[in-house]
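Please read the structure below before turning to the comments.
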């Protein structure tokens with residue numbers, strides 16, 4: 001089950017698992033894109049695809065949709081908590097509080113709502129793997145990152161806590177913390193300003209969605225006794241949040 005599957009990391013991850021024969025539940029808010037992805041995934045042989053259109057920020061929707069999964073889809077082996085975003089890039093004293101709500105509701109509360117609905121299905125079977133998409137912004141803060149960083153620091157802490165809480169239930173938990181990756185991320189952050197979004201990656205051979213999908217797939221397909229607790233992955237030109245080298 002992959003949240004935020006309509007683009008970026010989520011879409012690439014869905015395709016990566018589909019080409020390797022996994023049945024997939026895809027979720028997202030944008031029904032048109034969700035339907036397009038389902039059609040693309042259905043071109044792979046010998047797999048089944050189930051799509052769920054809902055907003056992870058709405059607890060009632062999450063509980064209703066996941067609670068009413070057909071019996072054959074309740075045996076979720078892998079949950080990829082991918083739905084997330086950054087909106088705005090302001091100093092704390094001038095920040096847009098609506099943007100703050102959007103980030104906290106999606107990145108933290110949405111992840112919690114989905115996990116709360118899916119984790120019991122894993123616990124009852126003593127089997128499962130939860131993969132949370134964090135960020136290097138959840139490892140180090142940077143100027144204007146404030147609330148986005150806080151939300152990803154929360155994902156970091158929650159991942160560690162989940163791992164401890166469900167240790168006796170044989171549940172794996174992995175945090176994936178990417179650096180600069182060229183997806184819709186910057187376009188959403190700058191609210192559709194394509195030029196500003198493009199400048200973020202200027203001079204950087206940034207990560208791709210497929211790079212992250214490969215890492216997720218690797219972590220998810222290791223032997224049962226092996227759990228990768230976290231992966232921090234950056235472009236070669238980026239050493240940390242605040243240290244990168246841009247070619248002219």
Query - residue 118 touching a strand residue (DSSP E or B) at 6+ places or on another chain (Cβ under 6 Å), within 30 Å of residue 21 (Cβ to Cβ) and in a helix (DSSP H, G or I) - result: yes
Report summary line: Taking segment 228-238 and keeping only residues that are touching a helix residue (DSSP H, G or I) at 6+ places or on another chain (Cβ under 7 Å) and surrounded by fewer than 15 Cβ atoms within 10 Å (Cβ to Cβ), one is left with 229
Query raised in the report: Can you name every residue in segment 186-214 that is under 21 Å from residue 100 (Cβ atoms) and in contact with a helix residue (DSSP H, G or I) (Cβ under 7 Å, 6 or more places away or on another chain)?
Result: 186, 187, 190, 197, 200
Requested in this report: Considering only segment 1-110, give the helices (runs of 4 or more DSSP H) lying wholly within it that have at least 1 residues that are within 16 Å of residue 131 (Cβ to Cβ).
Outcome: 8-18
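From the residues in segment 200-211 that are surrounded by fewer than 18 Cβ atoms within 10 Å (Cβ to Cβ) and more than 24 Å from residue 18 (Cα to Cα), which one is farthest from the chain's Cα centre (by Cα)? Full working, then the answer.
If we filter segment 200-211 for residues that are surrounded by fewer than 18 Cβ atoms within 10 Å (Cβ to Cβ), which is where we start, we get 200-203, 205, 208, 210-211.
Within this subset, residues satisfying the condition of being more than 24 Å from residue 18 (Cα to Cα) are 200-203, 205.
Values: 200: 20, 201: 20, 202: 24, 203: 26, 205: 21 Å.
Looking at the filtered set, the residue picked out is 203.
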Requested in this report: For segment 185-199, indicate whether the set of residues that are at pLDDT below 95, under 17 Å from residue 241 (Cα atoms), surrounded by fewer than 16 Cβ atoms within 10 Å (Cβ to Cβ) and out of contact with any strand residue (DSSP E or B) (no Cβ under 9 Å at 6 or more places or on another chain) is non-empty.
Outcome: yes
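Please work out which residue is nearest to residue 93 (Cα to Cα), limiting yourself to segment 133-151 and to residues that are assigned to a loop (DSSP other than H, G, I, E, B) and more than 18 Å from the chain's Cα centre (by Cα). Reasoning before the result, please.
Initially, segment 133-151 is screened for residues assigned to a loop (DSSP other than H, G, I, E, B), giving 134-135, 139-145.
If we keep only those that are more than 18 Å from the chain's Cα centre (by Cα) too, we end up with 140-145.
Values: 140: 20, 141: 16, 142: 15, 143: 12, 144: 10, 145: 12 Å.
So, considering only residues that are assigned to a loop (DSSP other than H, G, I, E, B) and more than 18 Å from the chain's Cα centre (by Cα), the one nearest to residue 93 (Cα to Cα) is 144.
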Report task. With the condition kept exactly as written, say whether any residue in segment 239-248 is surrounded by fewer than 17 Cβ atoms within 10 Å (Cβ to Cβ), at pLDDT below 85 and farther than 30 Å from residue 95 by Cβ. Result -> yes
Query raised in the report: Picking from 49, 80, 62, which residue would you name as being crowded, with 17+ Cβ neighbours inside 10 Å, touching a residue at least 24 places away in the same chain (Cβ under 8 Å), farther than 25 Å from residue 108 by Cβ and in contact with a helix residue (DSSP H, G or I) (Cβ under 9 Å, 6 or more places away or on another chain)?
Result: 49
Requested in this report: Count, please, the residues in segment 212-227 that happen to be touching a strand residue (DSSP E or B) at 6+ places or on another chain (Cβ under 7 Å) and either closer than 20 Å to residue 183 by Cα or surrounded by fewer than 13 Cβ atoms within 10 Å (Cβ to Cβ) (or both).
Outcome: 3
**Report entry** Residue that is surrounded by the most Cβ atoms within 10 Å (Cβ to Cβ), among those in segment 33-46 that are closer than 18 Å to residue 4 by Cβ and out of contact with any strand residue (DSSP E or B) (no Cβ under 8 Å at 6 or more places or on another chain)
**Finding:** 33
**Report entry** Residue within segment 177-184 that is more than 30 Å from residue 96 (Cβ to Cβ) and at pLDDT 95 or above present
**Finding:** no
Query raised in the report: Quick check: anything in segment 129-141 in contact with a helix residue (DSSP H, G or I) (Cβ under 8 Å, 6 or more places away or on another chain), surrounded by fewer than 18 Cβ atoms within 10 Å (Cβ to Cβ) and farther than 21 Å from residue 239 by Cβ?
Result: no
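The values are calculated or read from the model by the stated rules, or taken from the named source; none is laboratory data. Please read all numbers here as calculations on a predicted model, not as lab measurements. All Cβ positions, glycine included, derive from the backbone under ideal geometry; neighbour counts span all protein chains shown.
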